[in-house]
1. Being within 30 Å of B:M251 (Cα to Cα), away from every other protein chain (no Cβ under 14 Å) and in contact with an Asp or Glu (Cβ under 7 Å, 6 or more places away or on another chain) is the filter here, so list the residues in region B:312-353 that pass it.
2. Given (1) more than 26 Å from B:V184 (Cα to Cα); (2) surrounded by 24 or more Cβ atoms within 10 Å (Cβ to Cβ); (3) β-branched (V, I, T), where does B:I100 come up short, assuming only one miss?
3. If you scan region B:166-214, which residues turn out to be polar (S, T, N, Q) and in contact (Cβ under 8 Å) with a residue 40 or more places away in the chain?
4. Given the criteria over 23 Å from A:D446 (Cβ atoms), assigned to a helix (DSSP H, G or I) and touching a residue at least 24 places away in the same chain (Cβ under 8 Å), does A:S109 qualify?
5. Would you mind stating whether B:V326 is of a type outside the set (K, R) and part of a strand (DSSP E or B)?
6. State whether one or more residues within region A:121-140 are without any contact (Cβ under 8 Å) to a residue 40 or more places away in the chain, crowded, with 24+ Cβ neighbours inside 10 Å and either facing chain B (nearest Cβ under 10 Å) or in contact with a helix residue (DSSP H, G or I) (Cβ under 9 Å, 6 or more places away or on another chain) (or both).
7. Determine which single condition A:L51 fails, assuming it passes every other condition in (1) in contact (Cβ under 8 Å) with a residue 60 or more places away in the chain; (2) of a type outside the set (S, T, N, Q); (3) in the same structural domain as A:F122 (by TED's automatic domain parsing).
8. If the requirement is being in the same structural domain as B:S24 (by TED's automatic domain parsing) and touching a His at 6+ places or on another chain (Cβ under 9 Å), which of these qualifies: B:A125, B:A145?
Number of protein chains: 2
Amino acid sequence: MTKVAASLEEALIACGLKSGMVISFHHHLRNGDYVLNKVLEAVAKLGIGDLTVNASSIFDAHAPLLTHIKNGLVTGIETNYISPLVGRAISGGILKKPVIFRSHGTRPSDIETGKSPVDVAFIAAPSSDKQGNCSGKTGKSACGALGYAFADAMYAKKTVVVTDNLVEYPLRDFSISEIYVDHVAVVDAIGDPQGIVSGTTRMTRDPVALRIADLAARVISASGLLKDGFSFQTGAGGASLAVGRSIQRIMLEKGIKGSFALGGTTGYLVEMLEAGCFESILDVQCFDLKAVESLHLNPRHVEISASHYASPTAKSTAAQRLDAVVLGATQIDVDFNVNVHTDSNGYIIGGSGGHSDVAAGAKLAIVAAPLSRARLPIVVDRALTITTPGKTIDVLVTQCGVAVNPRQEELRQRLAESGLPLTDIEDLRKMAEGINGVPQKPKLGDRVVARVKYRDGAFIDEILQTLPDSRRL
Amino acid sequence: MTKVAASLEEALIACGLKSGMVISFHHHLRNGDYVLNKVLEAVAKLGIGDLTVNASSIFDAHAPLLTHIKNGLVTGIETNYISPLVGRAISGGILKKPVIFRSHGTRPSDIETGKSPVDVAFIAAPSSDKQGNCSGKTGKSACGALGYAFADAMYAKKTVVVTDNLVEYPLRDFSISEIYVDHVAVVDAIGDPQGIVSGTTRMTRDPVALRIADLAARVISASGLLKDGFSFQTGAGGASLAVGRSIQRIMLEKGIKGSFALGGTTGYLVEMLEAGCFESILDVQCFDLKAVESLHLNPRHVEISASHYASPTAKSTAAQRLDAVVLGATQIDVDFNVNVHTDSNGYIIGGSGGHSDVAAGAKLAIVAAPLSRARLPIVVDRALTITTPGKTIDVLVTQCGVAVNPRQEELRQRLAESGLPLTDIEDLRKMAEGINGVPQKPKLGDRVVARVKYRDGAFIDEILQTLPDSRRL
């Protein structure tokens, strides 16, 4: 008996896929992913409908999803992130049920504890043997870590590995074991390598972003955490990368030997590992080819599951051991609540990813953001959507000054003593509004198009439908 | 909040250990294990009783268990193997409830599916960080793979890592993740390195054993399976090792490139890997230091869980991909049923381990055994205890000839064509009885002291209490 199905369609039939079921995907192939589209295309041929798609993230490459939503094939979405192309359409109200947004930590937790059951999980695997031992480290579509896929593979009723690189049994360096895999479907290509390592990972040259990065690095340095044993996470945006570069310079100058960096990993973080800044990288996903190669070849670069990264119900996680994390924001309000779900017009353009997870876990959670973007203030009176509650954010760094959460008085004193340009978040808001004007609240409908589930299991916010005249620009 | 308990006792208290619970252990430290004894000693101080011990194997080093049984601290045992010192006492009837014997594959399956719930699992870890990321690959008590401990750690209500080598967070090359670990208890020593790599792994010089080994290797060669892609498991007994040596010679002579060897791993198997006989070793436990070192340093030597090894409820396993396996027997009867649980006097002296698992999985399951041992026939009319049903055994190899299971007519023809000294198992029984006399059946009591659970979930046999006059010698 072989697990290798004659086609993707055959695998779907073998799984007993039926209308009303939940199917799941992970996003390590990012904007290069073909698997979600291919599966839904195959499902459409089978005349199945009313499916819920639980995908760890949804990218613009998944735009065909919109057609499947319109046709009633997909009626529900659970995810941690939706990029703007799909997000704006969902904001307009095309989906039958409200999207359930989670974080990268909460998603596997809810799958593992049965709160978010999955009927059929699809594992996009750059290498797999015929029994389903699979890995992202090798193959023409290599994407590195498969951290978000572990819970899906382990807890779905049926698990299908989709691969474009079938290797001899046993695949030695497996990330996901055959014991969880029902079927293996071989396709021509699971993704576009150009999109897998998408262009989010370029260092910024923008002077404002560089000023913010410099200040953020000085905040970390002044906090007292930047010493031997230091642990760190930063995002893949240009400013975040620049913070990493500044931290690297300080660490090398002072001979500081850090403990671990937590990834999402870029080549810049790999450079820090190789330069001796850290003992190891714990990695749930790779953002670029250098990270993919490092995970494959460097034993100090280690793959972890999303639960190991940040599950709120795991017995402990790497995120809880973080010293400092640098995060972005679409909006941050005067209570330090951060929005990375919607833009100022109320359109869905993102999601938590690991934002709320590492903010909750790290000793020092820094939001690094400019005062405004595209003439819209980022520091606002009230965030349109709360992704990450202000109580878990310690510092806001802007180009015009650093605001410390009043809950962190000791930290404020430390930063003041270091001569950092401290200010009040209210003043930053006023400054932002002074430059750009007070933003009008977008006019939104009454219908809830998405709900945001926080780490504690409660819904922390909901996102309302945008109206044809929501857009103020 | 730290997971590191002040002492083993503190960890037990923190787990809420109570009378009537099930506590579990794994046996990678083999006859050098201190952890089971230390835990029970600590439990005794807490005045707790009526515990069930679920240990993947019990060795002579665990003789203090007998005192805890007599005192009512331990009233139940679930295990895959009990070595003679403890086994004989249990045969005498000292334990309140019958032992439940499983196999290495069935034990994790029953833990994972909730049939055999564990309240508190103890993981003997040669290295651990303070959050419980742990490994057997390094440390003064290094034992290599921790394959049997995965299900315990993942599914027990509480998991305690017991270590004598606390390392900096994060332990990179972890086998068991912190997400499953509640507490870490640091002790002086978790085991005696001399006993961890116990003396089962020496090559035999006994001419009878060498004759059997040579015949067994010729059977494998003649079966048609010994070609490129060959996969193989052999035990750690002297004769089994000798079979491996013969197979190695044939493979090197003929330039055969095998696929994988499945371990329990000895240095001899590592030599075969290094000589290019196999692409990889999949390893659930290491028998000696050379295997430990290889697992640590050679990326082609890979740790797998006991479920990956042979769980009957896993979606597939390595055991199912085996071409040939060479197994031992205490008794084998004319229906090819094998007993490795009891000796001819009815005393418990072992257990399945992976015997029944790989017999069921492999294409060719060979039992290699002498006609008699210590003047007692091994080929008998009726096995005193059925460990492994005859329908899963293909060939019996003795020094006086090779008997093929009548279910395998095609195989019999192949072996006949190769000029192997084929005979009937009935004839081997007569020969054995002719040399040693017809063995008297031991007189046993009515009370069941152990039940043997087979891979299908049914009890395949039960073991009766021995009486003071059971012993016929």
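The values are calculated or read from the model by the stated rules, or taken from the named source; none is laboratory data. All of these numbers come straight from a predicted model, not from anything done at the bench. Backbone-built Cβ (ideal geometry, glycine too); neighbour counts: all protein chains shown. The accessibility values were calculated without ligands, DNA or RNA, using every heavy atom of the protein model including side chains. Shrake-Rupley method; radii C 1.70, N 1.55, O 1.52, S 1.80 Å.
1. Once the filter is applied, which keeps residues that are within 30 Å of B:M251 (Cα to Cα), away from every other protein chain (no Cβ under 14 Å) and in contact with an Asp or Glu (Cβ under 7 Å, 6 or more places away or on another chain), region B:312-353 yields only B:T330.
2. (2)
3. From region B:166-214, those polar (S, T, N, Q) are B:175, B:177, B:194, B:198, B:200-201, B:204; that's our starting set.
B:S175, B:S177, B:Q194, B:S198, B:T200, B:T201 - these are the residues of region B:166-214 that are polar (S, T, N, Q) and in contact (Cβ under 8 Å) with a residue 40 or more places away in the chain.
4. Numbers: over 23 Å from A:D446 (Cβ atoms): yes; assigned to a helix (DSSP H, G or I): yes; touching a residue at least 24 places away in the same chain (Cβ under 8 Å): yes.
Judged against the criteria, A:S109 is a match.
5. On the way: of a type outside the set (K, R): yes; part of a strand (DSSP E or B): yes.
In short, yes.
6. First, pick out the residues of region A:121-140 that are without any contact (Cβ under 8 Å) to a residue 40 or more places away in the chain: A:139.
Restricting the remaining residues to those that are crowded, with 24+ Cβ neighbours inside 10 Å gives none.
Among the residues of region A:121-140, not one is without any contact (Cβ under 8 Å) to a residue 40 or more places away in the chain, crowded, with 24+ Cβ neighbours inside 10 Å and either facing chain B (nearest Cβ under 10 Å) or in contact with a helix residue (DSSP H, G or I) (Cβ under 9 Å, 6 or more places away or on another chain) (or both), which makes the answer no.
7. Result: A:L51 passes all but (1).
8. Details: B:A125 fails: touching a His at 6+ places or on another chain (Cβ under 9 Å).
The match here is B:A145.
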